[in-house]
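Shown next, in C-alpha cells, is the structure this report addresses.
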C-alpha cells in the first residue's frame, strides 16, 4: 500500500499537467451554410461554436444562439464598425434567434457583453460572391 500512494500522487500530478497549456491559438470549428438557412451556434464562457461560418452566397442567415454559459451573452454581426444585427443579450440556459442580411465579404461575430470579445468571444462570417 505504501508504494501505491506515491504512484497515485504522481499520476495525479501528470493528469493535472496534461490539462495545462494555452489552446487559445487552436482554430475553432468551421461550418458551411447556404443563404436562407439557420446555423446553430453555442455560446459559452468565452467562445462561439462554430467560430467560423462560411455562407455560400449573399442573402439572409439566421443564427440560433444557445447560451450554454451561466453569464449573459449575445451574438452581433459587424461589418467593420457597423453592427448589422444578430441576437439580443440573454441569460444562460436559453436559446434565441437573430437574422442578418449580408453581401459578399468578411464580417465579425462578436459578443458585445462587457469584455467578452476581449476574452475571445469572437468569430468570423465569410460570405462568398
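The values are calculated or read from the model by the stated rules, or taken from the named source; none is laboratory data. None of these values were measured; they are calculated from a predicted model. Because the Cβ atoms are built from the backbone with ideal geometry, glycine has one as well, and the counts that use them run over all protein chains shown.
Tabulated data
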quantity	calculated
Residue satisfying all of: in region 101-129; surrounded by 16 or more Cβ atoms within 10 Å (Cβ to Cβ) and either over 17 Å from the mean Cα position of the chain (by Cα) or modelled with pLDDT under 95 (or both); farthest from residue 47 (Cα to Cα) among these	102
Selection status of residue 18, modelled with pLDDT under 95 and either on the phi > 0 side of the Ramachandran plot or out of contact with any strand residue (DSSP E or B) (no Cβ under 9 Å at 6 or more places or on another chain) (or both)	yes
So residue 35, is it surrounded by fewer than 17 Cβ atoms within 10 Å (Cβ to Cβ), under 14 Å from the mean Cα position of the chain (by Cα) and either at pLDDT 95 or above or farther than 21 Å from residue 102 by Cα (or both)	no
Listing of strands (runs of 3 or more DSSP E) fully contained in region 40-129 that carry 1 or more residues being within 18 Å of residue 28 (Cα to Cα)	47-49, 52-55, 59-67, 76-79, 105-110, 122-127
